[in-house]
Amino acid sequence: MRRSGNRFSVNAMSAISTRGRMHFMVFTESFTAEVMCRFLDRLAGHFDHKVHLVADGHSAHRSKKVRDWLAAHPDDVELHFLPPTRPS
């Protein structure tokens, strides 16, 4: 098999359920609020109960677009943020 040798980039995000199931999404674009909302849509679609998702302080997680999505889906997903880290 011949290969072009061209490099490419791929990103992934995931969540692990309390039963150990991994839910993930792979994407090639940069991580933005739109990508986060797409992941939330997919994640919410896998469960018949509210999902509690732990997230870090990335700006996409805290964006207005994500806050608006969460407000429109209060019974589907709730975000919980990790505390900010500080150097030791």
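So how many residues does the range 3-23 have that are open to solvent by less than 100 Å² (accessible area, probe 1.4 Å) and assigned to a strand (DSSP E or B)?
Of all residues in the range 3-23, those open to solvent by less than 100 Å² (accessible area, probe 1.4 Å) come to 4-5, 9-15, 17, 20, 23.
Filter once more, so that each one left must be assigned to a strand (DSSP E or B): 11-15, 23.
Counting residues in the range 3-23 that are open to solvent by less than 100 Å² (accessible area, probe 1.4 Å) and assigned to a strand (DSSP E or B) gives 6.
List every residue pair whose Cβ atoms sit under 9 Å apart, with the two residues 6 or more apart in sequence or on different chains, where the first one lies in the range 47-64 and is under 10 Å from Met36 (Cβ atoms) and the second, anywhere, is open to solvent by 70 Å² or more (accessible area, probe 1.4 Å) and in a helix (DSSP H, G or I).
Ala60/Glu34
Looking at the range 24-77 only, could you name the residues that are within 15 Å of Ser14 (Cα to Cα), open to solvent by 60 Å² or more (accessible area, probe 1.4 Å) and of a type in the set (Gly, Ala, Ser)?
Result: Gly45, single match.
Filter the range 1-26 down to the residues that are over 20 Å from Trp69 (Cα atoms) and either within 10 Å of the chain's Cα centre (by Cα) or among the hydrophobic types (A, V, I, L, M, F, W, C) (or both) and list them by number. Steps first, please.
Residues of the range 1-26 over 20 Å from Trp69 (Cα atoms): 1-12, 16-22, 26.
Scanning the range 1-26 gives Met1, Phe8, Val10, Ala12, Ile16, Met22, Val26.
The values are calculated or read from the model by the stated rules, or taken from the named source; none is laboratory data. None of these values were measured; they are calculated from a predicted model. Positions of Cβ are generated from backbone atoms using ideal geometry, with glycine treated the same way; all protein chains shown enter the neighbour counts. For accessibility, only protein heavy atoms count, side chains too; no ligands or nucleic acids. Shrake-Rupley method; radii C 1.70, N 1.55, O 1.52, S 1.80 Å.
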